[in-house]
Ligand SMILES: Cc1ncc(CO)c(N)n1
């Protein structure tokens with residue numbers, strides 16, 4: 001079993017919980033509220049900005065052109081393609097994408113981004129790849145599962161979202177897994193252990209991100225608006 005197959009086995013309980021989460025079930029059934037979609041897009045716009053910055057840190061730790069090119073491709077994918085699923089949610093909620101940009105982070109999004117940033121600061125390139133991997137991997141599997149289960153046609157409100165993640169992520173995720181596996185082969189046991197921990201925590205935080213959007217999570221005490 002490869003290192004990433006072993007990671008997938010260890011995280012199976014979390015993957016299953018994500019597939020069963022009411023937000024993901026709500027994508028399948030087309031039953032999410034306008035407010036839940038808006039909360040998700042506001043937070044995910046910021047999340048993907050942070051995610052691209054972490055790729056930037058990964059580039060600064062890269063030792064070959066090949067690695068740089070891979071991270072560069074991933075950044076372009078987020079900038080140019082991953083806007084489509086957000087736009088699908090915006091259209092379903094009846095808002096423009098621009099309206100949902102620049103909001104403060106809710107607690108779980110904050111937690112997830114800080115987790116990735118800590119690993120980016122302290123860890124090796126292999127550890128950074130491990131902390132980033134649950135993002136494409138969980139969405140690929142959600143997309144494939146929903147394609148298979150719902151077989152949406154164009155009348156489904158989340159047709160674009162489901163097709164985007166079900167069809168587009170496979171090659172990128174395979175490449176990502178390959179990079180993590182190669183790194184793990186020459187890593188020490190202690191580093192592999194850290195890679196596993198980072199990966200597992202990112203899976204937990206993927207679950208929490210869905211939960212945050214579903215419950216429209218906010219900080220428990222409202223901040224006071226600045227007096228200008
Ligand atoms: C939180 C989160 N995880 C994964 C993806 C997929 O890229 C996303 N857009 N947002």
Over the stretch 74-228, what is the mean sequence separation of C-alpha contacts under 8 Å (at least six apart), divided by residue count, expressed as relative contact order in percent? 34
In degrees rounded to 10, the 0-90 angle between helix 34-60 Cα long axis and the longest Cα principal axis of the chain is 20
Output ordering of 186-197, 7-18 (per-residue mean of other Cβ within 10 Å, highest first) is 7-18, 186-197
Computed over the stretch 23-106, the relative contact order (Cα-Cα under 8 Å, seq sep at least six) in percent reads 47
Would you mind pulling out the separation of the Cα centroids of the stretch 24-68 and the stretch 75-119, in Å? 6
FRET efficiency for residue 53 and residue 155, Cβ-Cβ distance as r, R0 = 35 Å, nearest 0.05? 0.40
Sorted by average packing, counted as other Cβ atoms within 10 angstrom per residue and highest first, what order do 218-225, 103-110 take? 103-110, 218-225
May I ask for the angle, rounded to the nearest 10°, between helix 107-122 and the longest principal axis of the chain, with both axes built from Cα atoms and the value confined to 0 to 90°? 20
Over the Cα atoms of the chain, what is the Rg over Rh ratio if Rh follows Kirkwood? 0.96
Dividing the helical contributions, -39500 (n - 2.57) per DSSP H run of n ≥ 4, by the residues of the chain yields a 222 nm value, nearest 500 deg cm²/dmol, of -25000 deg cm²/dmol
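Readers should treat all values here as calculations from the given coordinates under stated rules, not as data from a laboratory. Keep in mind that this is a model prediction, so the values were computed, not measured. With ideal geometry, Cβ positions are generated from the backbone for all residues, glycine too; neighbour counts draw on all protein chains shown.
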